[in-house]
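The values are calculated or read from the model by the stated rules, or taken from the named source; none is laboratory data. Computed from a predicted model, the values in this text were never measured in an experiment. Every residue, glycine as well, gets a Cβ built from its backbone with ideal geometry; the counts of neighbours run over all protein chains shown. Heavy atoms of the whole protein, side chains included, go into the accessibility calculation; ligands, DNA and RNA do not. Shrake-Rupley method; radii C 1.70, N 1.55, O 1.52, S 1.80 Å.
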Amino acid sequence: MTVQLFYASGASSMAPHIVLEESGLSYTANRVNLDRKIWAKGDYNKINPKSYVPTLILDDGTVLTECAVILEYLATRVDDHLIAPYQSPDYWQQRSWLNYIATELHENFISPFRHGNWLPNTAESKQLVYQRVYPRLKFVEAQFGTGKPWLTGDQFSLADPYLFVMTNWLRRLNFGFEGLPNLQAFDERMRQRPSVQRVLIQEGKPHSLTDK
Ligand SMILES: N[C@@H](CCC(=O)N[C@@H](CS)C(=O)NCC(=O)O)C(=O)O
């Protein structure tokens, strides 16, 4: 089976990209230009009319969207080390984390002006985003207070690459890790994984955040 991932450099699509690298599944990575909504073969909106990444196309042509769902799909395709057994207590904890990252962190990081400029790139919008994400990140920070290496415990799971996208955005936006030492250590731990290093090299430089 070969799946096709559609990604933009440094976007939330980096999370399934890391999971694909972790999983050993066969895949192709198709780069999307989000400013122009095009990819190597033309109009990206024909691939995903929601007009955002990530998109995953399965070998039977099924199109999957929504980062948390794509992550769960990929984790269930491989052996069970990335996700807890279906409906176990740990499974529900992982589901809660994926939903929290998607709705409380990911969405609040996205620029209020969105299209063509999905991370904030003006002083005002950056400030607004920081006010929204900081208390939510503080909550995650406290979860790491118990000394766990990964978000859901001692074992790396599908939630970690998604959280890493958020800590990577903290860096990109120059927000830093003030008051978030556990998240900073997590970010550094993630960067030591060979899968993450490969994806950072493959994806290359993200789009410019220069003030417009
Ligand atoms: N609800 C979607 C949101 C995905 C999303 O916000 N993607 C951003 C990049 S992280 C995007 O592609 N934005 C393109 C645009 O708004 O023009 C999900 O959870 O996957």
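What the table below lists for this structure:
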item	result
Residues located in the stretch 7-30, provided they are at negative phi and over 13 Å from the mean Cα position of the chain (by Cα)	Glu21, Glu22, Ser23, Leu25, Ser26, Tyr27, Thr28, Ala29, Asn30
Selected residue (criterion: farthest from His207 (Cα to Cα)) from residues of the stretch 27-46 that are without any contact (Cβ under 8 Å) to a residue 12 or more places away in the chain and open to solvent by 40 Å² or more (accessible area, probe 1.4 Å)	Lys46
Scan of the stretch 6-46 for residues that are over 20 Å from Phe109 (Cβ atoms), within 12 Å of the ligand (Cβ to nearest atom) and assigned to a loop (DSSP other than H, G, I, E, B), ordered by number	Arg36, Lys37
Residues located in the stretch 118-132, provided they are farther than 14 Å from Arg172 by Cα and surrounded by 12 or more Cβ atoms within 10 Å (Cβ to Cβ)	Ser125, Leu128, Arg132
Matching entry among Leu137, Leu200 (being within 20 Å of His106 (Cβ to Cβ) and in contact with a Leu (Cβ under 9 Å, 6 or more places away or on another chain))	Leu137
Residue identified as of a type in the set (A, V, I, L, M, F, W, C) and more than 15 Å from the chain's Cα centre (by Cα) among Leu128, Leu105	Leu128
Every residue from the stretch 47-68 that is in a loop (DSSP other than H, G, I, E, B), more than 9 Å from the ligand (Cβ to nearest atom) and open to solvent by 40 Å² or more (accessible area, probe 1.4 Å)	Pro49, Asp59, Asp60, Gly61, Thr62
Residues of the stretch 69-83 that turn out to be touching a residue at least 40 places away in the same chain (Cβ under 8 Å) and within 16 Å of the ligand (Cβ to nearest atom), as a count	5
